[in-house]
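Scroll down for the structure; my scribbles are underneath it.
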Amino acid sequence: MNSQIKGKGWILVIVMMSLGIQLPMVFAQGMGGRSAPAVSANLPALTEHDIASMIYMREEEKMARDIYWQFDQQWGDSVPMFGNIMQSEQRHMEMMKGLLDSYLIPDPASPTVGVFNNAQIQKLYNELVAQGSSSLTAALGIGALVEEVDIADLQAGLEHTTHPAIRTVYTNLSRASENHLRAFTRYLVSQNGSYQAQVLPQETVDAILGSSRGGQGGGQGGRGWRGGR
């Protein structure tokens with residue numbers, strides 16, 4: 001990341017922002033000495049949950065992108081869908097970074113594919129890539145799993161925030177994940193004849209798959225990776 005505040009300074013910045021306190025210029029300086037945009041006094045204050053959720057979702061969206069990049073390298077000639085959805089996940093990462101940048105929250109995402117600061121996400125990435133590398137069907141199943149969990153985590157975030165910008169971004173990301181889930185499951189159904197929900201309630205997944213566009217399935221009731229599996 002270009003500008004990162006470490007240790008106690010980072011904790012102080014987060015506490016100040018969560019209380020809605022304007023940051024002094026010393027905290028608006030990048031590590032290279034360049035001024036970063038000051039946090040607008042008009043921005044709504046963040047809760048601790050808002051901050052933790054945004055940091056986590058930034059890396060979760062990166063995990064999805066990196067998984068699909070790996071699968072595109074292996075299966076892209078047969079299923080270009082991995083590459084297409086990977087590009088969508090890149091846009092999702094940028095949306096999450098925009099939220100973090102609005103409050104000068106340091107970006108947790110590594111520029112290196114397959115590398116994560118969150119140990120839980122790192123472990124999941126390693127396991128899911130290994131499982132999906134065994135066959136194309138397995139890779140498609142992992143893709144569907146990633147999207148189900150993404151929907152569950154985004155819905156959990158929505159349930160715990162009233163912040164308008166976060167709600168807008170999370171709602172749009174959830175709709176996009178529903179589109180991705182439909183894309184993966186269509187291919188799986190064409191091969192296996194059916195698709196069984198892996199994280200979300202079956203009725204929620206059925207509603208998503210029965211909808212022609214995102215935002216109709218609800219996506220509630222499942223357990224995302226933030227809440228354990």
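Set the Förster radius R0 to 30 Å, insert the Cβ-Cβ distance between L209 and S110 as r into 1/(1 + (r/R0)^6), and round the FRET efficiency to 0.05. Spell out each step's value before the answer.
Working: r = 34 Å, r/R0 = 1.12.
Efficiency computed from Cβ-Cβ geometry: 0.35.
The distance linking the stretch 104-161 with the stretch 188-213 is 19 Å (Cα centroid to Cα centroid, whole angstrom). Taking only the C-alpha atoms of the stretch 46-227, the Rg (one decimal) and the largest Cα-Cα distance, Dmax (whole number), read 15.4, 48 Å. If we count other beta carbons within 10 Å of each Cβ, what is the order of V115, V149, V169, fewest first? Neighbour counts put them in this order, fewest first: V115, V169, V149. A straight chain from S190 to E94 at 0.36 nm per residue would run longer than the Cα-Cα distance by 31.3 nm.
Any read-out appearing in this document is the output of simple, stated calculations on the displayed coordinates, not a laboratory observation. Treat the numbers as computed from the prediction; the structure is a model and nothing was measured. As a convention, Cβ positions derive from the backbone with ideal geometry for all residues, glycine included, and neighbour counts pool all protein chains shown.
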